[in-house]
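Worksheet: one structure, shown below.
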Amino acid sequence: MLRNILALAAIFFTTAAYAQAWPEIEARARGQTVYWNGWAGDERTNAFIAWAGEQVEKRHGVKVEQVKLRDTAEAVTRVVAEKSAGRLEGGSVDLIWINGPNFLAMKEQGLLYGPVNPRLPNYRLVDVEGKPSNATDFTVPVDGLAVPWRLAQVVFVYDSARITAPPRTVPALLAWAEANPGRLAHPAVSNFLGATFLKQALYELTPDPAVLQRPATDANFAAVTAPLWAWYDRLRPALWRQGRQFPATGAAVRQLMNDGEVDLTLSFSPSEASTSIANGSLPASVRTYVMERGTIGNTSFVAIPFNAAHKEAAMVLANFLLSPTAQAFAQDPRNTGALSVLDVAQLDAAGQKLFADLPRGAATLTNAELGRVLPEPHPSWMTRITTEWEKRYSR
Amino acid sequence: MSALVLDRITIALGERRLIDSFSLIVAPGTVTTVMGPSGAGKSTLLSYVSGTLDPVFTGTGHVILGGDEMTYLRPEKRRIGILFQDDLLFPHLSVGDNLAFGLAASVRGRAERRARIEAALEEAELSGFASRDPATLSGGQRQRVAVMRALLAEPRALLLDEPFARLDMALRDRFRAFVFGHALRRGLPVLLVTHDPDDARAAAGPVIDLGAPPV
Amino acid sequence: MLRLAPVLTLALFLAPVAAGLLGTLLPAFHYLPALGGATVDLQPWRDLADWPGLPRSLLITVVTGFGATILSLLVALFILARLPRGALLRRLHSALPPLLATPHAAMAIGFAFLVAPSGWLARLLSPWATGWERPPDLLVVQDPWGFAIIAGLVLKEVPYLLLVGLAALGHMKVDRTLALGASLGYSPRTAWFRTVLPTLYTQLRLPVYAVLAFSHSVVDVALILGPSNPPTLGPQILRWFSEPDLRFQFVAAAAAMLQLALVVIGIALWRAGEIVVAALGRSLVRRGSRPRAIVDVAPPLAILLVITAGLALLAIALWSLAGSWRFPAALPQVFTVDTWRSQGMGLVTPVLLTAALAVLATLAALLLALACLENERRHGLHPGRGALWLIYVPLLVPQTAFLVGMQIVLIRLRLDGTWLALVWTHLVFVLPYLFLTLAESWRRLDPRYARTAACLGAGPARILFAVVLPMMVRPILAAVAVGFAVSAGLYLPTLFAGAGRFATLTTEAVTLSGSADRRVVGAFALLQAALPLAVYAVALLLPAVLFRNRRGLRGMG
């Protein structure tokens, strides 16, 4: 009985919150502090978050505290732990930078607040048609529960002083690595980028990539991934440190490239190489390229946990992230260089000019050069591939 | 002046009795010496009298000073001074402040207190030493400061726990005379424990031998 | 009031450990109703057993745990054995505080910067000596056997054991024992190992167990220097605990219990080893052999230790000031303060937070320790070995084993991410070190000072404030410095109790170490090392200034 009353009360309050109009949300947000939980391994993104925090404080009186994580899952765990401890409001996480399996986990367990997207005035600027990953994250419909804020696409990064013609197919990559042992590295597979390296290879190696858009099953997993493991068995001894140790993250690989240990790797940000050259963390001779058959791309989202203490402020922040000002600032290679989620062609003249004026580094490809974007496989593939990889190579 | 009376004092460590029903009257202006080999419980007896017995021991019996029952008083209320073989000057205080620590609180006024300390230093032939670091004094000088510090607290009795043992022979005689002279001039009952027969002879008072500790 | 101090102190710092252990134990057997685990079963253990990396992870955990302990103890003993003689080693004494103050993480980061294939050492020697134009493809740090973890731990644990050993030797008449040995025809080292060591070791035993437990369960050093494929058990527990999939919470709890079992078994094995070594030693004594002294390894060991640690810290400082530093240049091509400027407030906030947290935890621990020690002193209590074991509990129980459960308890009490939770958690770790450091000097204070003061008419309060505390200023400040350094260096407890919201220099440095730019990591690690070091410096210099005219206080503490 009591449980029913509580449930009813919860519904009532949720609906009450929903009834708020945007100006009301802005008013309530004033004075709140948003605890933005996110992976903090990238200095430029951290700097962007700090900048966004200053902006929303100035414009909306909302303070932003970045909670720096080694792994996004830490924040998900926290929300899970809070739910299990019965903390249904006043939670410690207001906003999570999220996608992929973490998003799926939170969505499936009903840990997200929303739908939020339709309530944000700037959401209408988002390009949902041309950039399908904004609405479908790893084959999972977003359903308005997460706000897209930047696009990522895999590019391969190489040192042009040492490689003239980088390998543009996955089999060619193996041939190159065997000819240049120790000079190719990918991050540990527990890292998102490391797992993406395997998924990228799987796309090209598996006979029918369409199955990747459906959940992996016990029945099809072995058959679909068999060519991947055959390929990787040969590749691994030719990797950096004979594939016995892996750099923790993409940034760690970047450091290796700057030290001259590694000549070829991958990145999830098309402009990262250029900005790294500019700040001295990569040699000037570094360039990027994509695979002939395209590379995987996805969208980064921010989502609000069901029990967030400062939902209004989180929404104000999310809405600001979607503004042309913030999007153009982020896409500026001097800042983060992350691709915008907006439909730039549909912006007003001032908005379009913001983007037109952006510089582009020598190591950054044009939109045309970036070519075909492959959608992320269903998260279950990544989970299973990671587990299988551990089973095969981690002992 | 008044006598120090120890009435049937027994001190035990667990089952073992160190002091068994020990009684003694120390007359004012005299030095009574308690002799005994080390381990006989001499120092323990003094700590019982001063009220600072280590709780690992159990003690019974009465300590009466000038007719007043001391047994149940806290040590700081007994007004029984004590000197050890080490001077135990507080290393963080100057010579003058060490004396001021001892000087009875009943002496009021900065000028008056300073004068009393100067006078005490003079008595110890240490005029002008007030601001010195105790660590810069010789052993004999430090011992004299310790004596003056004890006396400035205006004790009604003085306990001496082998205070001469650390001094060399030449100094020892002079220092004995110094301590006994000051104590007796004030008419204090003095209880000395030692294992040195020379101390007992110099004290020129009753001598009690505790003997070997009971096994 | 004072009589309650020991009980209150024990409750305050053991309750979280006990609650945390329970909070880990129940989920390890799948009991955590809120997470849908209402039945007791062995599923978490089955899942744990299914992890393909388990055998390998356990193996390297044990290898690093025992390896670091054995090596640290041997190095410390050889140096201690040589200590009564040798001016060089006496100078080591002054190198101890900086080594002790440097947090594990900063030392590990510096060590990685130093010995990695692209590290400073390789740069200094390349290409002229090595012929390397590019860094060699060698598995030096994050090696699959965890040798780098062992080295990183040894750099920190040797100074700790030296400190404990020096304190213990201070009470022993080593010179006389060795002179006696010499008169019987034993070389000083032989005499030391046969006569001094057995007594010394009884004082070292618990600290050695603490090193053993810590080395088995360390997380930050393992994240920085250890393998990741698979990692040692500590980082793997953290990884599971951070998984979004609920099932892994139970696996993390089971693994944390396994870790506890590992440490218990490890200590039991160590104890057995002690007995064997003691028996061998006694038979040597009975045989009366007098081996001639071979090469004295102590000076090179001590020099290697100090130089490695020094270069590691220097490498951190260099990177934080580097503009561009390509291999194999021995020094950065460009020096710049850009890193410091661009990090700006990003550095200041963690410094303030780290300092505030350390100050609060240290003050709380200091008050409790003073209350306990004063109670002891006033009532002439002599705590036995049982009390000592209790103090060591938080250092003997692996952190992971109770922190996992403690976080669940904190969330339940709605205390997670609060200052209270954070300070309390830090207190659990600060108190033992602070207490042991302070008690050492406090208990050595001649009780006759207080007796003299009492006979001069001073009451208990006046004795405490006018006699005991001023005489203990030096040890109190030393204990405060130790407490501060312990708090400033805590990684896992800060992460767990702080709900990730409290970014201290340590959490930032460890978070960044795996990924970010070496220059930024260098800046954080340098501050992380500098902050406790500054407190140490103040603790050493302040009494010297306060008591510049009080020679008699110099020996105190």
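The values are calculated or read from the model by the stated rules, or taken from the named source; none is laboratory data. Just so we're clear, the structure is a prediction, and the values are computed from it rather than from any experiment. Backbone-built Cβ (ideal geometry, glycine too); neighbour counts: all protein chains shown.
A few comments on the model shown:
- Only one of C:Arg194, C:Arg123, C:Arg134 that is touching a residue at least 60 places away in the same chain (Cβ under 8 Å), in contact with a helix residue (DSSP H, G or I) (Cβ under 6 Å, 6 or more places away or on another chain), farther than 26 Å from C:Ala261 by Cβ and not β-branched (Val, Ile, Thr): C:Arg194
- Answer residue from the range C:438-470, given it is assigned to a helix (DSSP H, G or I) and at pLDDT below 90 and is nearest to the other protein chains (Cβ to nearest Cβ) among those: C:Ser441
- Identity of the residue in the range B:76-91, buried (at least 19 other Cβ atoms within 10 Å of the Cβ) and in contact with a strand residue (DSSP E or B) (Cβ under 9 Å, 6 or more places away or on another chain), that ends up farthest from B:Leu160 (Cα to Cα): B:Arg78
- Summed over the range A:236-254, the residues that are surrounded by 18 or more Cβ atoms within 10 Å (Cβ to Cβ) and either more than 27 Å from C:Arg326 (Cα to Cα) or without any contact (Cβ under 8 Å) to a residue 12 or more places away in the chain (or both) give a count of 1.
Quick grid of which residues meet (1) under 21 Å from A:Glu26 (Cβ atoms); (2) buried (at least 23 other Cβ atoms within 10 Å of the Cβ); (3) β-branched (Val, Ile, Thr):
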site: A:Pro270; (1), (2), (3): no, yes, no
site: A:Asn279; (1), (2), (3): no, no, no
site: A:Val302; (1), (2), (3): yes, yes, yes
site: A:Lys311; (1), (2), (3): yes, yes, no
site: A:Leu321; (1), (2), (3): yes, yes, no
site: A:Ala345; (1), (2), (3): no, no, no
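- Any hit, the range A:71-80, residues being in contact with a helix residue (DSSP H, G or I) (Cβ under 7 Å, 6 or more places away or on another chain), surrounded by fewer than 22 Cβ atoms within 10 Å (Cβ to Cβ), free of Cβ contacts under 8 Å to residues at least 24 places away in the same chain and closer than 27 Å to C:Tyr491 by Cα: no
- Some residue of the range A:358-370 being within 14 Å of another protein chain (Cβ to nearest Cβ), part of a helix (DSSP H, G or I) and under 18 Å from the mean Cα position of the chain (by Cα): no
- Hey, A:Pro209 of a type outside the set (D, E, K, R), surrounded by fewer than 17 Cβ atoms within 10 Å (Cβ to Cβ) and modelled with pLDDT of 95 or more or not: no
- For the range C:539-553, the condition holds for at least one residue, the condition being that it is basic (Lys, Arg), more than 9 Å from every other protein chain (Cβ to nearest Cβ) and outside any helix (DSSP H, G or I).
- Scanning the range C:101-134 for residues that are within 14 Å of chain A (Cβ to nearest Cβ), buried (at least 18 other Cβ atoms within 10 Å of the Cβ) and not in a helix (DSSP H, G or I) returns C:Ala116, C:Pro117, C:Ser118, C:Gly119, C:Ser126, C:Trp132, C:Arg134.
- For the range A:81-98, a residue qualifies if it is surrounded by fewer than 19 Cβ atoms within 10 Å (Cβ to Cβ) and either touching a Leu at 6+ places or on another chain (Cβ under 7 Å) or facing chain C (nearest Cβ under 10 Å) (or both), and the qualifying residues are A:Gly86, A:Arg87, A:Gly90.
- Hey, C:Asp137 over 28 Å from A:Val253 (Cβ atoms) and within 14 Å of chain A (Cβ to nearest Cβ) or not: no
- Being at pLDDT 90 or above, in a helix (DSSP H, G or I) and buried (at least 23 other Cβ atoms within 10 Å of the Cβ) is a condition met by at least one residue of the range C:407-421.
- Restricted to the range B:22-49, and to residues there that are polar (S, T, N, Q) and part of a loop (DSSP other than H, G, I, E, B), the residue that is surrounded by the most Cβ atoms within 10 Å (Cβ to Cβ) is B:Thr30.
- Test: residue in the range C:486-508 that is basic (Lys, Arg) and part of a loop (DSSP other than H, G, I, E, B): yes
- Among the numbered conditions (1) crowded, with 20+ Cβ neighbours inside 10 Å; (2) within 14 Å of chain C (Cβ to nearest Cβ), the only one that A:Glu65 does not meet is (1).
- Whether a residue is closer than 30 Å to C:Pro198 by Cα, without any contact (Cβ under 8 Å) to a residue 12 or more places away in the chain and out of contact with any helix residue (DSSP H, G or I) (no Cβ under 6 Å at 6 or more places or on another chain) was assessed, and C:Ser324 does not pass this test.
- Number of the exception - A:Leu321 against (1) under 30 Å from A:Ala284 (Cβ atoms); (2) in contact with a Phe, Trp or Tyr (Cβ under 6 Å, 6 or more places away or on another chain): (1)
- Listing of helices (runs of 4 or more DSSP H) fully contained in the range C:197-265 that carry 1 or more residues being within 30 Å of C:Ala116 (Cα to Cα) and aromatic (Phe, Trp, Tyr): C:197-217, C:233-241
- Here C:Leu238 passes the criteria (1) surrounded by fewer than 24 Cβ atoms within 10 Å (Cβ to Cβ); (2) closer than 24 Å to A:Ser84 by Cβ; (3) of a type outside the set (Ser, Thr, Tyr) except the one numbered (1).
- Matching residues, the range B:100-126, being surrounded by 12 or more Cβ atoms within 10 Å (Cβ to Cβ) and either facing chain C (nearest Cβ under 10 Å) or in contact with a strand residue (DSSP E or B) (Cβ under 7 Å, 6 or more places away or on another chain) (or both): B:Phe101, B:Gly102, B:Leu103, B:Ala104
- Any hit, the range A:46-68, residues being at pLDDT below 90, within 30 Å of C:Leu505 (Cβ to Cβ), in a loop (DSSP other than H, G, I, E, B) and in the same structural domain as A:Glu312 (by TED's automatic domain parsing): no
- Candidates C:Pro188, C:Pro159, C:Pro135 - the one that is modelled with pLDDT of 85 or more, over 26 Å from the mean Cα position of the chain (by Cα) and of a type outside the set (Ser, Thr, Tyr): C:Pro135
- Test set (1) closer than 17 Å to C:Leu212 by Cβ; (2) in a loop (DSSP other than H, G, I, E, B); (3) not small (Gly, Ala, Ser) - C:Val277 fails condition number: (2)
- Selected residue [at pLDDT 90 or above, more than 22 Å from the chain's Cα centre (by Cα) and surrounded by 24 or more Cβ atoms within 10 Å (Cβ to Cβ)] from C:Ala279, C:Ala254, C:Ala222: C:Ala254
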